[in-house]
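Comments concern the structure below.
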Amino acid sequence: MLKCRDLVAEADLLLAGELSWQRRLAIRVHLLMCRHCRRFMRQFKLLLSAIPAMHKPASEAEVEQVMQHIQQQGGKPLDQRPRGE
Amino acid sequence: MDNDQLELLRNGDQALFAQLVRDHHRALIALVTPIVGSSEAEEVVQNAWVKAHGAIASFQGRANIRTWLGRIAINEAKMQLRARKKELLFADLSPDQAHSDPLADNFRPGGQWQQPPANWHCDSPDALLMEADLADCLARLLTGMPANQRAVLEMRDSSELPFDEICNTLAVSASNARVLLHRARAELFKLVNHYQETGEC
């Protein structure tokens, strides 16, 4: 019988769609019975969707440094390119 | 980024390119840091932006733009390693099997929850990791994370690169990459859960 610890260990594979249908069924049955695991899955998915935004935006000084580096390396300012280039 | 913005970007909108830098620069630095080290990550990403600037007209929008930028940055990182005649060697490339799951203490010996997850107050993905106190703790956690775990997390969950590409880049097996990713995610979950429960980390 599937335990809460198994569900947590297999959560990545479940979300990646890499579990067999039997295992998915066992997890679904377990989730019906276990509110702690339902909460875990809901919050685990929330966490994964938050990860791409976990890095703060660059400062204006960093942006300026990158744009200057591009120009120094021969890149034309983008808005001076002919349209459609 | 919607299709209209993408079209403007491809056609040379400088303000939009600067916005792209603003949105993704630090994520790209985090992506290449486990590969080339923190001292060289900035230079690698600066060069990656030059390449991205030159190629933006060819970006079709089929991939997530972070993924597209991430591939360019990783290629630059590999070029940097070759130029320095270095190899990508993580000291702890194979997951240390003796190291337990970060959430192991949350379970009773029988496998049921002993300390179930707290009920998180925040339900917005954009806000969840951005609270100032938590963001500082998160930065410390990521800095202290083993390089191989950090690399897999940044590649898969931040830049959304496919698993086979990650395994090729890091020269790890798919099963090892899965273990590394699970540990990294579990560390993050533990940190956020503790913060949501106690207000500190």
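The values are calculated or read from the model by the stated rules, or taken from the named source; none is laboratory data. What you see is a predicted model, and the numbers here were worked out from it, not measured in a lab. A quick note on method: Cβ atoms are made from the backbone with ideal geometry, for glycine too, and the neighbour counts reach across all protein chains shown. Surface accessibility is based on the protein's heavy atoms, side chains included, excluding ligands, DNA and RNA. Shrake-Rupley method; radii C 1.70, N 1.55, O 1.52, S 1.80 Å.
Residues checked against (1) without any contact (Cβ under 8 Å) to a residue 12 or more places away in the chain; (2) open to solvent by 10 Å² or more (accessible area, probe 1.4 Å):
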{"residue": "B:ALA139", "(1), (2)": "yes, yes"}
{"residue": "B:SER159", "(1), (2)": "no, no"}
{"residue": "B:CYS167", "(1), (2)": "yes, yes"}
{"residue": "B:ALA177", "(1), (2)": "no, no"}
{"residue": "B:ASN193", "(1), (2)": "no, yes"}
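When the criteria are applied in full, B:VAL152 meets the requirement of being within 14 Å of the chain's Cα centre (by Cα) and β-branched (Val, Ile, Thr). Restricting attention to the stretch B:70-78, does a residue exist that is surrounded by fewer than 17 Cβ atoms within 10 Å (Cβ to Cβ) and at pLDDT below 95? Yes; the residues of the stretch B:70-78 include at least one that is surrounded by fewer than 17 Cβ atoms within 10 Å (Cβ to Cβ) and at pLDDT below 95.
A:ILE27 meets the conditions (1) at pLDDT 95 or above; (2) open to solvent by 50 Å² or more (accessible area, probe 1.4 Å) in every case but one. The failed one is (2).
Here is the figure for the stretch B:49-72: residues that are away from chain A (no Cβ under 12 Å) and either in a loop (DSSP other than H, G, I, E, B) or among the small types (Gly, Ala, Ser) (or both) total 5. Taken over the stretch B:11-36, the residue count meeting the criterion of being acidic (Asp, Glu) and part of a helix (DSSP H, G or I) is 1.
The residue that is farthest from B:GLU200 (Cα to Cα), among those in the stretch B:141-151 that are open to solvent by 30 Å² or more (accessible area, probe 1.4 Å) and touching a helix residue (DSSP H, G or I) at 6+ places or on another chain (Cβ under 7 Å), is B:ALA147. Looking only at the stretch B:107-138, residues that are within 18 Å of B:THR198 (Cα to Cα), at pLDDT 95 or above and more than 8 Å from chain A (Cβ to nearest Cβ) come to 3 in all.
Considered as a group, the residues in the stretch A:52-67 that are at pLDDT below 95 and assigned to a helix (DSSP H, G or I) include one that is nearest to B:LEU181 (Cα to Cα), and that residue is A:PRO52. Count of the stretch A:35-57 residues, restricted to those that are under 22 Å from B:GLN115 (Cβ atoms) and open to solvent by 20 Å² or more (accessible area, probe 1.4 Å), is 8.
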